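Nothing in this text is a laboratory measurement; each read-out follows from the coordinates by a stated rule. Computed from a prediction, not measured in an experiment: that's the story for all the values here.
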Amino acid sequence: MMLTRPIRSLAPWLAAAVLALAPCVHAQTQTPPGVQPGAGAALERLSAWERQDRGVAAPQGLHEGPSHGPTPTRLPGGQVITTQGLMALLQQAGLPVFVFDVLGSAAALPNAIPAAWAAQGGSFDDGTQQQMAQMLRQVTRGQSNAPLVFYCQGPECWMSYNAAARAVRLGYRNVLWYRGGLEAWQGAGLPLARAGATAQPVGARPPGALPPDAFGPGAAGR
């Protein structure tokens, strides 16, 4: 189901890239379907895999169980974005987007900022939260409306969920949980970078308004 309300404090067109993962058909596949970059129908199938609903409720706070296992389809206070939406978001010229690698594997999304330590459970008053606050202030230069994307392994990885939840609690208005994570990115055939490489946000100027069809024909109706 497509969100109808825009992400807070950003241009309405950004909402077209984000999917609220309402209950979907329970997916059986455990690996993402391979697609060619730019293949619309195949990307839609990949998005369906990313939206699979395993019947898990979002916790009130941080996840305290195992790091790997079925995850919820929503992030309270934030949004969930698919590979198709993230690709479109990163292609917008002049829009600074900060991507955080909460997995810590050898490969990462291009320009991802290492943040595996942010996956810790605990509380919103612990040392990890204080470290998170300091890092995000530094990275965003105090812009609480900057798009922040958090990812880890895939739909059965809780690490990026915790990191995203911490960012939401700190008051950041546009927190995006890339639930499909590294598995979906690889499934789309998209390029990877060496983890820990120098990371920079995509774009160089504040977000600006774009046409409603910036994410392709019919994007607003999906």
- In the range 48-105, what is the volume of the convex hull around the alpha carbon atoms, normalised per residue and reported in Å³? 127
- Which whole-number percentage describes the relative contact order of the range 52-151, with Cα contacts under 8 Å and a sequence gap of 6 or more? 26
- Task: Could you work out how far the C-alpha centroid of the range 66-99 sits from that of the range 155-188, in angstrom?
- Result: 6
- Enumerate the whole-percent occupancy of each 10 Å bin, from 0 to the last occupied one, for all C-alpha pair distances of the range 56-154. 12, 44, 38, 6
